[in-house]
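Below is one structure, written out as structure tokens; the observations come after it.
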Amino acid sequence: MSVLPASLVEGLRVTATTPVSGGDIATAYRVDTPDGPLFVKTLADPRPGMFEREAAGLRALRTDFGVRWLLGEGGPHLNHSLLAAGLVDELFLTFAPKLVGSAGPTIVEGHPFSTPGGIELSLVNLSAVGSELFFRYRVGSAEY
């Protein structure tokens, strides 16, 4: 049996965790808290095409089960798949100025979006703490 890494639920009042299966990401958990349940999926080794299938599964959570809020913390390929599927209404970006000297990945990696000129972002909020900036954007024409 796999164990949910404590760092994934740090700061939450967890009353129970239950391993679940399904989808393309093998390690998943239902996390119960006094404020309601959470669903946590983790990934060690992505396979081609799996993010598109995960995006379809997330759409089903909205349409079939009425899930209204979902936090997606993923890498550039998952971010691309969720944006391309129209499943992102807000984007939170943190700018933590550090010089590392490599090209590195962007926050979105994949084929160009079908939207001419890309997906528009509208700034909702900007906060600063020390030298770090925290951006909150509305994605495209998303309404909430």
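A few remarks follow.
This table checks each residue for (1) in contact with a strand residue (DSSP E or B) (Cβ under 9 Å, 6 or more places away or on another chain); (2) closer than 30 Å to VAL31 by Cα; (3) of a type in the set (Lys, Arg).
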residue	(1), (2), (3)
ARG59	no, yes, yes
SER102	no, no, no
PRO105	no, no, no
LEU121	yes, no, no
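- Residues located in the stretch 55-95, provided they are among the β-branched types (Val, Ile, Thr) and either surrounded by 15 or more Cβ atoms within 10 Å (Cβ to Cβ) or part of a loop (DSSP other than H, G, I, E, B) (or both): VAL67, VAL88
- A Cβ distance below 8 Å, combined with a sequence gap of six or more or placement on separate chains, defines the contacts here; from the stretch 101-120, residues that are more than 18 Å from GLY75 (Cβ to Cβ) reach residues that are open to solvent by less than 60 Å² (accessible area, probe 1.4 Å) and part of a loop (DSSP other than H, G, I, E, B) in the pairs PRO112/GLY118; THR115/GLY140; GLU120/GLY140.
- Against the list (1) under 27 Å from SER127 (Cβ atoms); (2) open to solvent by 70 Å² or more (accessible area, probe 1.4 Å); (3) at pLDDT below 75, the condition ALA26 fails is (1).
- Meets criteria (out of contact with any Pro (no Cβ under 9 Å at 6 or more places or on another chain) and on the phi < 0 side of the Ramachandran plot) for GLU109: no
- Looking only at residues in the stretch 14-23 that are over 13 Å from GLY57 (Cβ atoms) and in a strand (DSSP E or B), the one that is modelled with the highest pLDDT is ALA16.
The values are calculated or read from the model by the stated rules, or taken from the named source; none is laboratory data. What you are looking at is a predicted structure, and each value in this text was computed from that prediction instead of being measured. Virtual Cβ from ideal backbone geometry, glycine too; neighbours counted across all protein chains shown. Heavy atoms of the whole protein, side chains included, go into the accessibility calculation; ligands, DNA and RNA do not. Shrake-Rupley method; radii C 1.70, N 1.55, O 1.52, S 1.80 Å.
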